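The values are calculated or read from the model by the stated rules, or taken from the named source; none is laboratory data. Just so you know, these numbers come straight off a predicted model, no measurement behind them. Please note: Cβ atoms are built from the backbone with ideal geometry, for glycine as well, and neighbour counts cover all protein chains shown. Accessible surface areas use protein heavy atoms only, side chains included; no ligands, DNA or RNA. Shrake-Rupley method; radii C 1.70, N 1.55, O 1.52, S 1.80 Å.
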Amino acid sequence: MPIKTKVSLIALSLSFGLSASTMIGASAVAAPAPASASASASASLSSPSEPVVHKAETESEKANALFESIFMENVMASPISQTHLGIKTDYDKWDEMGDDADDAALARDKKHLAQLQTINSSKLDRQTLLSYQLLTQKLEQAIKDDKWRYHSYPVNQMYGGHSQIASFLINQHQIGSVEDAKAYISRLQGVPKRLSQLQTALEVRASKGIIAPKFVFPYVINDSKNIVAGAPFSTSPNSDDSALWSDFKRKVSKLEISDSDKESLLREAKTALINNVKPAYDKLIAYMTKLETKADTRDGAWKFPQGDTYYNNALARTTTTDMSANEIHELGLSEVARIHSEMRAIMKKVNFEGSLAEFFKFMRDDEQFYYANDDKGRQAYLTEATALIDTMSGRLDEVFKVKPKAPMIVKQVEAFREKSAGKAFYSNPSPDGSRPGTYYANLYDMKAMPKYQMEALAYHEGTPGHHMQIAIAQELEAVPKFRKFGGYTAYIEGWGLYSEYFPKEMGMYSDPYSDFGRLAMELWRACRLVVDTGIHAKKWTREESIEYYVTNTPNAKSDAIKMVERHVVMPSQATAYKVGMLKLLALRDKAQQALGDKFDIRDFHTIVLKNGPVPLDVLESEIDLWIEQNS
């Protein structure tokens, strides 16, 4: 089935349809990574309160100065975004949340679009014209999509203000000075306002009939309780430190200040945790417990006001195509059948006698495919995942001419959110190089992390997947910041899935079971096309959707449950992977056919990566130009 494309830009941090004030970290690719940033690095990204006046001699210089001004105005309106980028201007604050914040964001978008319209696009160089077109489209779509500002669940098991507070402070708020520690304490003191605004956002949606399904509430309530469990919230002498208290103590201990100054900071933080953080979370938990009684078991976006229209729009934004829900559903069914056939070939290779369903059961249940569900097993997983990435990193010159400067590490998902978090995700390196890119592996349930999927998962989240693409994008010098730090889900996740595939052509996946794992991962994404559209367009129930995964994949049932629950709270997002991968493979095949012996996969990868994330039709135009120039 051909994939038809059209331009679409997803805002900074991959918001997946959420408004500015309610986008709080939703992504298999995590929000931009923490950055402690030195003063010089921060200065390179920071901006004074008044826009810098640039003396632009050409229309392209004028346009690029405007792109910078627009980007920085949005960043400076968001303390969270500032921290992502290593800017400490508002290091002690949280973003505002709610209708006032959304109205302000909408007003900025309209102002910025009007500013763009003063540019004479006919006088722009090619790269600047592309930036102009992308930013214009982004702003037009943001303005148009404001009608859907309430069509989201501000708290759920995947992301939300309740869990973001802890994950943000732990992973992104770095402490390199007493001032940074004071800012951390101020953010702790600001938790009551933050969670109060979050509750108001929930109340507004509830008044419009938009309430998360029942299954969401135990996750949210449990995660919230976990954040305020342990010392200093508990007076029991045997209590472990809470995640926030442990984090603050660890960071402050590294400061080169006197012990008395450290003790003073610890006292202030402890007071803020007990007097501000705990009561705020108790209030949110009480409200969520009450709201849970009003929730039902309807899962699809069809239940929203104008739900069908909203979902079709979400599909267009996520995939950057105009494929209908039914086309995507049928594409998924076709891909599931093809991958099942390839899996049967592997069954023969390993001399397994039985049906594909029996082979799935064997792969799902046999202990040889799993590490022990203990600390030793978890460490073994992390060690092996790191080794796989290191091996691939040593062979990158075979398939790339450009590589990222930023390093990457593998890390276990933190205990406070591991029960609800996805099985793996990636967090960007900081722009100043102070923090590496991070591949997070969720090792809460080792039966959900089979050895035979390790290789594909490491390539997807790490190298040559998300780390290669995102770190390179951040390091590009010829594109404006809104493109370096923005993104399109179909491009980003399409690259991630493509990066699982092409290492096979390099001789990776030498173990047939590991190759089966690669196919299992691709099969999982094919099933996503079926199930996402099934839930949101065809009114499949949660139980029907879980059963589809269990029947058609070798994954653990726990995987299926988490995936279906992700579909429910993030309509359309999971369709991006396979649509993007298939487009990349189609474009590569097109180039190979046209260029013959002149085709070099290293050059193809350069063309794909050199402009940062772009819509699929823009990527196709770039490949077409490359073919034309080299034919």
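Could you state the accessible area per residue of the chain in Å², with a 1.4 Å probe and every protein chain left in place?
39 Å²
Quote the charge dipole size of the chain about the Cα centre in Debye, to the nearest 20; the model charges only the Cβ of Lys and Arg (+1) and of Asp and Glu (-1).
840 debye
Out of every Cα-Cα pair in segment 418-489, what percent are more than 16 Å apart?
55 percent
Given the rule -39500 (n - 2.57) for each run of at least 4 DSSP H residues, summed and divided by the residues of the chain, what is its mean residue ellipticity at 222 nm, to the nearest 500 deg cm²/dmol?
Taken over the chain, the calculation gives -18000 deg cm²/dmol.
Within segment 325-364, which GluC sites (Glu not before Pro) sit in a loop by DSSP and count at most 14 neighbouring Cβ atoms inside 10 Å?
Those that pass, being in a loop and sparsely packed, are E353.
Treating only the Cβ of Lys, Arg, Asp and Glu as charged (+1, +1, -1, -1), what charge dipole size does segment 495-631 show about its Cα centre? Round to the nearest 20 debye.
Value, rounded to 20: 420 debye.
Report the charge-dipole magnitude of segment 401-524 in Debye, nearest 20, computed about the Cα centre from +1 at each Lys and Arg Cβ and -1 at each Asp and Glu Cβ.
With only Lys, Arg, Asp and Glu charged at Cβ, the dipole is about 320 debye.
Jot down the per residue volume, in cubic angstrom and as a whole number, of the convex hull over the alpha-carbon atoms of segment 110-209.
Cα-based convex hull of segment 110-209, divided per residue, equals 180 Å³.
Based on the mean of other beta carbon atoms within 10 Å per residue, what is the order of 375-381, 410-416, most packed first?
In descending order of packing, they fall as 410-416, 375-381.
Can you list the equivalent-ellipsoid semi-axes of segment 369-509, largest first and in whole Å, using the square root of 5 times each Cα gyration tensor eigenvalue?
Whole-Å semi-axes of the equivalent ellipsoid: 26, 18, 13.
Based on the Kirkwood radius over alpha-carbon pairs, what value in µm²/s does the Stokes-Einstein equation return for the translational diffusion coefficient of the chain at 4 °C and 1.567 mPa s?
Diffusion coefficient, whole number: 51 µm²/s.
Between the DSSP loop rule and a limit of at most 13 other Cβ atoms within 10 Å, which GluC sites (Glu not before Pro) in segment 461-496 are left?
Sparse-neighbourhood loop GluC sites (Glu not before Pro): E477.
List the aspartates and glutamates whose alpha-carbon lies under 20 Å from that of K262, not counting same-chain residues fewer than 8 positions away?
D92, E179, D180, D241, D247
Report, to one decimal in Å, the Kirkwood hydrodynamic radius for segment 483-631 based on all distinct Cα pairs.
Here the Kirkwood hydrodynamic radius works out to 16.8 Å.
Positive end of the dipole of the chain, charges at C-beta (+1 Lys, Arg; -1 Asp, Glu), about the Cα centre: which of T200, P480, A372 has its Cα farthest in that direction?
Farthest towards the positive pole: T200.
What percent of all Cα-Cα pairs in segment 323-389 falls in each 5 Å bin, counting up from 0?
Percent of pairs per bin, in order: 3, 13, 14, 14, 12, 16, 16, 8, 3, 0.
Within 10 Å of each candidate Cβ there may be at most 13 other Cβ atoms; applying that plus a DSSP loop requirement, which trypsin sites (Lys or Arg not before Pro) in segment 491-578 survive?
In loop regions of segment 491-578 (DSSP not H, G, I, E or B), the sparsely surrounded trypsin sites (Lys or Arg not before Pro) are K539.
Quick one: which of K294/K447; K423/K583; K348/K578 span more than 32 angstrom between C-alpha atoms?
Distance filter (> 32 Å) returns K294/K447.
Could you calculate, for segment 165-296, the ratio of the Cα radius of gyration to the Kirkwood radius, expressed as Rg to Rh?
Dividing the radius of gyration by the Kirkwood radius yields 1.04.
How would you rank 304-316, 155-167, highest first, on the average number of other Cβ atoms within 10 Å across their residues?
Descending mean neighbour count gives 155-167, 304-316.
With N set to the number of residues, divide the alpha-carbon radius of gyration of segment 242-364 by 2.2 N^0.38 Å and report two decimals.
Ratio of Rg to 2.2 N^0.38 Å for segment 242-364: 1.97.
Sort 396-403, 436-443 by the packing proxy (mean of other Cβ within 10 Å over each peptide's residues), most packed first.
436-443, 396-403
Picking from V75, Y281, A456, whose Cα lies most toward the positive end of the charge dipole for the chain (charges on Cβ: Lys, Arg +1; Asp, Glu -1)?
Towards the positive end, the residue furthest out is Y281.
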